[in-house]
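Engineer: Pasting a structure here, questions to come.
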Amino acid sequence: MRGSKALLFAAAAMPLVAVMPAWGQTIPKKPEEVARPGGKLPGNPKLALVKVADGLNDPTGVSVAGDGSGRIFAVERVGRVKVITPDGKILPEPFLDLTKTNPLGSEVQTGFVEQGLWSIAFHPKFKDNGYVFVHYASLPFNGASIVARYTVDKASPNQITKDQANKSVKVIMNVPQPYYNHYGGRIAFGPDGMLYIGRGDGGWEGDPLNAGQRLDTLLAKLLRINVDTADDVAYAIPKDNPFARADYPQMMSLFGITEEGFSRIKIGARPETWAYGLRNPYMFHFDPKSGDLFIADVGQNHWEEINYQPRSSKGGENYGWNLNMGTKCHPMKGANDTCPQVGVLPIAEYPHQEPYPGAPKLTQGWGCSAQGLGVANYGGMDKAYLVGDWCSGRVWGIEWDKGASKWQMQELMQAPFQFTAGATDEKGYVLAVNCYCFYLEDKGPVANPPGALWRLLPANEVAPGMETAKVKLPN
Amino acid sequence: MRVVCVLASAVILACAASVSAQELTFRSIIDKSPLDVTPKPGEVVTDAVNAFRRTGQNPYTGKADAVAQGKKLYIEYCESCHMSDGSGRMGPSLIEDYHVYEEIKTDAGLFEIVFGGGFGAMQPFSKRLSQDEILKVMAYVRTLMKP
């Protein structure tokens, strides 16, 4: 949708190009315009990974309350949220413990490494209403993904006790899960006050349900809902969602309607959809400054993709899965596959060790699973999306290069561990967590060596006494 | 040991003893900083580990029992990324001539990456295994590698 609209606009605006601001980010229309490793960010940032706290069990997410408290909230896969104080102390009592709220056992299904608690989001008015939202795989509902709201008792700001949890819980959404992988995970409020939910394609591989291109399922989407509803209404559909009225009861008229008008009728389309054609949007982040959105969509065997929407987006983007992965064809058969390009291209993509089946293995510039960390506006970076890789430990920066009028992707460092998630802190620095939880070596959510919480600081802001990770900086 | 020695430098005798035992210093493959080989609480430092620390040679290489135990550990801890034959998937092949780190041709170098870790998913197995187990898994890895 966005692609075709943008094309029309570009064609109509041709003579105006000269007066259009040259710095405006555009979304690539041709595969050649998509950034790949090897580029250079305009500010050539030099970063260090500074340890904030250590001793987290399989951290899968991180968040801040935005209430000025300086607290950081680390999400542990097992079902706990831990508070990290501004001086880096992990409070012993969890902020929320979903392993304890259900008297019949844990509330959270953690059988497979992609299952568990993934994310906590604080309501934009959290300071007043105390609302927090979590997203996890449910044990009682056989692995369905649940979004639920809990309310913090002002008298106990660092702990939602079991009683308080059970008294205040409101289930927002329950999405059945067909297979045990590709849930997505992060939930976050946008600058518009709506709750966005990254929801994966439901798993197995190859998207056997065709969830990516189907509009009648909540799977393989970025969802957008309004949670500011009465307590007996789970959520509302924002009126300006792209498919809000696509399947709305209406009289049938055959005449006097344009073809474009007919094309907006999509029977069965889920109105919660904001964007589709996503495989596993585990992490996505809004730029705290501009409100623009970046999505790190985890790829399958060969490529990872990073998508971008300006704040002005009206939604409805189709990111191509399961017909494309990045600019490539799916299923990928060789180096020179050809196939139609479906929907909107990513701004950046990076390969796995084997960029196509049977390819010679890359020794540099590869990864396996893109975990977006956050949008950075410091240390020479201007709306740079930082993405950490789950296998190679590489951190990529992706930023629009005004001078060259294109997206750049640069390897900023390689860390000695696997990234799972990130977010910006209250000062705008990007936080990241790491986990020792690769598939087969996973020993369960509390039995792996503990992971840690890190902050990506400009190298020249590292103060004496700070512990930094041993990273490899590019030459 | 060296770390302990520096920390406890008041105990000059202990330091001297440690130095005269001629223990090698093992270094992180990432930045060459010394690795702390102090045993974990409850970890038994076996004769093999002591010998290895002095010589840098893995006494378990070619020893059938140790290799068999190392194979079990390899299946549990390494196979997911390096494959059962060592040909590599998420982690690099261990059996080709090409190595990310030439150091792994020596036992000391192989120990340094398995114990201290590399980049990304190649975590420090000091967090999961005892040093004796690492020597056993190394002995098994040697049987996969081309001579």
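Engineer: In a shell of Cβ-Cβ distance under 14 Å around A:T363, excluding A:T363 itself, what net charge do Lys and Arg (+1) and Asp and Glu (-1) give?
Structural biologist: Result for the neighbourhood of A:T363: -2.
Engineer: Just report the Cα centroid separation between the stretch A:235-268 and the stretch A:289-357, whole Å.
Structural biologist: Each part reduced to its Cα centre gives a spacing of 28 Å.
Engineer: Another question, if that's okay. I want to check the label-to-label distance for B:R54 and A:K46. Put each point 7 Å from Cα in the C-beta direction and report it in nm to one decimal.
Structural biologist: That separation, rounded to one decimal, is 4.6 nm.
Engineer: Rank the residues A:Y385, A:Y439 as a footprinting-exposure proxy: fewest other Cβ atoms within 10 Å of their Cβ go first.
Structural biologist: A:Y439, A:Y385
Engineer: Give me A:Y350, A:Y429, B:Y101, B:Y74 ranked fewest to most by other Cβ atoms within 10 Å of their Cβ, as a rough exposure proxy.
Structural biologist: B:Y101, A:Y429, B:Y74, A:Y350
Engineer: Right, another one. What are the extents of the Cα atoms of the stretch A:94-137 along their three principal axes, in Å, largest first?
Structural biologist: 36, 24, 14
Engineer: For the stretch A:251-303, I need the span (max minus min coordinate) of the C-alpha atoms along each principal axis, in Å, sorted largest to smallest.
Structural biologist: That works out to 45, 34, 17 Å along the principal axes.
Engineer: What dipole magnitude, in Debye to the nearest 20, does the protein assembly as shown give about its Cα centre under +1 on Lys/Arg Cβ and -1 on Asp/Glu Cβ?
Structural biologist: 460
Engineer: Next up: List A:V113, A:V233 from most exposed to least, where exposure is judged by having the fewest other Cβ atoms within 10 Å.
Structural biologist: Neighbour counts put them in this order, fewest first: A:V233, A:V113.
Engineer: Less than 12 Å Cβ to Cβ from A:I120, Lys/Arg counted +1 and Asp/Glu -1: what total charge do the surrounding residues give?
Structural biologist: +4
Engineer: Okay, next question. Other chains near B:118-130: what is the mean number of their Cβ atoms within 10 Å of each residue's Cβ?
Structural biologist: 6
Engineer: Can you give the local net charge around A:N226? Use residues other than it whose beta-carbon is closer than 12 angstrom to its beta-carbon, Lys and Arg +1, Asp and Glu -1.
Structural biologist: Spelling it out: positives minus negatives among the neighbours equals -2.
Engineer: Using helices alone, I'd like the mean residue ellipticity at 222 nm for chain A: each DSSP H run of four-plus residues gives -39500 (n - 2.57), total over residue count, nearest 500.
Structural biologist: Helix contribution divided over all residues of chain A: -1500 deg cm²/dmol.
Engineer: Computed FRET efficiency, Cβ-Cβ of B:D65 and A:N460, R0 56 Å: what is it to the nearest 0.05?
Structural biologist: That pair, B:D65 with A:N460, gives E of 0.55.
Engineer: Calculate, in nm to one decimal, what A:E33 and A:T363 gain on full extension: separation in residues at 0.36 nm each, minus their alpha carbon distance.
Structural biologist: 116.4 nm
Engineer: Oh, and also: Where Rh is the Kirkwood radius over the Cα pairs of the protein assembly as shown, the temperature 4 °C and the viscosity 1.567 mPa s, what D in µm²/s does Stokes-Einstein return?
Structural biologist: 50
Engineer: If you build the convex hull over the alpha carbons only and average its shadow over all orientations, what do you get for the stretch B:25-144? Give it in nm² to one decimal.
Structural biologist: Approximately 6.9 nm², given one-decimal rounding.
Engineer: Across every pair of different alpha-carbon atoms, what Kirkwood hydrodynamic radius in Å does the stretch A:138-262 reach?
Structural biologist: 17.2
Engineer: P(r) tail for the stretch A:176-333, what percent of Cα pairs lie past 21 Å?
Structural biologist: That fraction is 47 percent.
Engineer: Now for a different question. Report the charge-dipole magnitude of chain B in Debye, nearest 20, computed about the Cα centre from +1 at each Lys and Arg Cβ and -1 at each Asp and Glu Cβ.
Structural biologist: 120
Engineer: Considering only C-alpha atoms, what is the centroid distance from the stretch A:172-207 to the stretch B:32-89, in Å?
Structural biologist: Rounded to whole Å, the Cα centres lie 41 Å apart.
Engineer: Between A:A234 and A:N129, what length comes free when the chain is fully extended (0.36 nm per residue of separation minus the Cα-Cα distance, one decimal in nm)?
Structural biologist: 36.1 nm
Engineer: Taking 7 Å along the Cα-to-C-beta vector as the label spot, tell me the B:V100-A:F262 distance in nanometres, rounded to one decimal.
Structural biologist: 5.7
Values in this text are rule-based calculations from the coordinates and carry no lab data. Bear in mind that the values here come from a model prediction, so they are computed numbers and not experimental data. Glycine gets a Cβ as well: all are built from the backbone with ideal geometry, and neighbour counts include every protein chain shown.
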